[in-house]
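The values are calculated or read from the model by the stated rules, or taken from the named source; none is laboratory data. Note that the coordinates shown come from a computational prediction; the quantities given were computed from them, not determined experimentally. Cβ atoms come from the backbone with ideal geometry, glycine included; neighbour counts cover every protein chain shown. These accessible areas exclude ligands, DNA and RNA; they are computed on the full protein's heavy atoms, side chains included. Shrake-Rupley method; radii C 1.70, N 1.55, O 1.52, S 1.80 Å.
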Amino acid sequence: GSWTTQLARVAYGGSIEIICTVGSPESAEWCTRMGADRTVPHDGIDERLEAGPRGSVDAVVCLSEPTRSLFDSLAGVLRPFGRICLVVAGDAIRSLDLSFVFFKSGTVSTETVFSSIRCGYHLDQAGEMATILEAMSAGSVRAPLSDDWSEDVSGWEEANGEGGLIDKLDGGHTRGKYVMKIT
């Protein structure tokens, strides 16, 4: 999500409103730092964004497993002719109801890491990476490293210790990327 938010901001500038879903005030602050205009709670999409036949959102990038309730919320806030891109699949994908998207003439697409390899489609990855690196060099995109990470506690023993990096990652409530130096 951190990369997606920053790259969308670089690609579209101020011409779009970026809304991220969050589960905590800390995540809301993080998303804002990454370039989001505003945040809404994961479970408050329908209440915080206009849902219904007209919707309020042109495009959605869903970076979590699209459960039935989540997808229903996303379809509800989607504007007619809007787009939803599902990045993460799982068992829930088999039970999605596309009828509301269908009646809004919306588009649902999927994106997975190895799609191009499996399908034989060749992306211009070098060009895409060059664009990202140029944005990083210009300072408009930064590697979203977690605020919790520190050079002092990045070794393997510290990571495996009680309350270390492995415990944090296992908790499932981390913001940003963690880097671990193996010493």
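Assorted remarks:
- Residue within the range 61-68 that is touching a residue at least 24 places away in the same chain (Cβ under 8 Å), closer than 16 Å to ILE19 by Cα and either open to solvent by less than 50 Å² (accessible area, probe 1.4 Å) or not hydrophobic (A, V, I, L, M, F, W, C) (or both) present: yes
- The single residue among SER73, SER69 that is touching a helix residue (DSSP H, G or I) at 6+ places or on another chain (Cβ under 6 Å), part of a helix (DSSP H, G or I) and within 26 Å of GLU26 (Cβ to Cβ) turns out to be SER73.
- Residues that are closer than 21 Å to GLY82 by Cα and either of a type outside the set (D, E, K, R) or at pLDDT below 90 (or both) within the range 11-33 comprise ALA11, TYR12, GLY13, GLY14, SER15, ILE16, ILE18, ILE19, CYS20, THR21, listed in sequence order.
- Every listed requirement among (1) within 28 Å of GLY139 (Cα to Cα); (2) in a helix (DSSP H, G or I); (3) among the acidic types (Asp, Glu) is met by GLU47 save one, (1).
- The residue pairs whose first member lies in the range 118-131 and is under 16 Å from LEU7 (Cα atoms), whose second member is surrounded by 10 or more Cβ atoms within 10 Å (Cβ to Cβ), and whose beta carbons are closer than 9 Å, counting only pairs six or more residues apart or on different chains, are GLN125/SER116; THR131/LEU7; THR131/VAL10; THR131/ALA11.
- None of ASP43, ASP37 is of a type in the set (D, E, K, R) and over 29 Å from ILE132 (Cα atoms) except ASP43.
- Figure legend. Inter-residue proximity from the range 85-112: first residues open to solvent by 70 Å² or more (accessible area, probe 1.4 Å), second residues assigned to a loop (DSSP other than H, G, I, E, B), beta-carbon distance below 6 Å, spacing 6+ or different chains. Indicated pairs: GLU111/VAL87.
- Applying the criterion of being modelled with pLDDT of 80 or more and not in a helix (DSSP H, G or I) to the residues of the range 124-162, the residue that is farthest from THR32 (Cα to Cα) is GLU162.
- Filtered by the rule that a residue be touching a residue at least 24 places away in the same chain (Cβ under 8 Å), open to solvent by 50 Å² or more (accessible area, probe 1.4 Å) and not in a loop (DSSP other than H, G, I, E, B), the range 20-41 gives THR21, GLU26.
- Filter result for ASP97 (over 27 Å from PRO144 (Cβ atoms), part of a helix (DSSP H, G or I) and charged (D, E, K, R)): no
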